[in-house]
Amino acid sequence: MKQLEVQIMQQSYLLGCPEGREARLLDAVERVDTAMTAIRDAGKVRARERIAVLAALNLAFDLADREAAELSRASAATAPAPVGATGMATAPDHERIEALVLRLDEALGSDGRLF
């Protein structure tokens, strides 16, 4: 296992990486750094832990959207899609995410720390 030193929001991390997978890890680091920096630069969130959790939720939601779209495309190739199917997140999905973010904010409290 190889070790790589990376920077996320100007903080260094030493990460283990399987041989030959360095490019994929560096791509993941770039995505996380970009997501966290965008949240920080929006100016509404200051605590590093809260920024990290929100970035993780955003990235996971994007991944879930892609997986749902791929599944929808695969299903559409084998069966006709129901009328009105878009493969996009529905309003209830967005409401659930908003509720999750509110619960997260309540759990983190005003200082942005879990503990």
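Please treat every number below as a calculation from the coordinates, not as lab data. All of these numbers come straight from a predicted model, not from anything done at the bench. All Cβ positions, even for glycine, are placed from backbone atoms using ideal geometry, and neighbour counts span all protein chains on display.
Dipole orientation for region 1-70: of the candidates 7, 47, 23, 47 has the Cα lying most toward the positive pole (charges on Cβ; Lys, Arg +1; Asp, Glu -1). The simple spin-label model puts a point 7 Å past each Cα toward its Cβ; for residue 38 and residue 4 those points are separated by 2.0 nm.
Taking 30 Å as R0, compute the FRET efficiency from the Cβ-Cβ separation of residue 76 and residue 28 and round it to 0.05. Each step should come with its number before you reach the end.
Numbers: r = 30 Å, r/R0 = 0.99.
That pair, residue 76 with residue 28, gives E of 0.50.
For region 1-44, a crude dipole built from +1 on the beta carbon of Lys and Arg and -1 on the beta carbon of Asp and Glu, taken about the Cα centre, is about 160 debye to the nearest 20.
Multiply the residue gap between residue 13 and residue 68 by 0.36 nm, knock off their C-alpha separation, and tell me the result in nm, one decimal place.
Details: separation 55, 0.36 × 55 = 19.80 nm, distance 3.21 nm.
Working it through step by step, the gained length comes to 16.6 nm.
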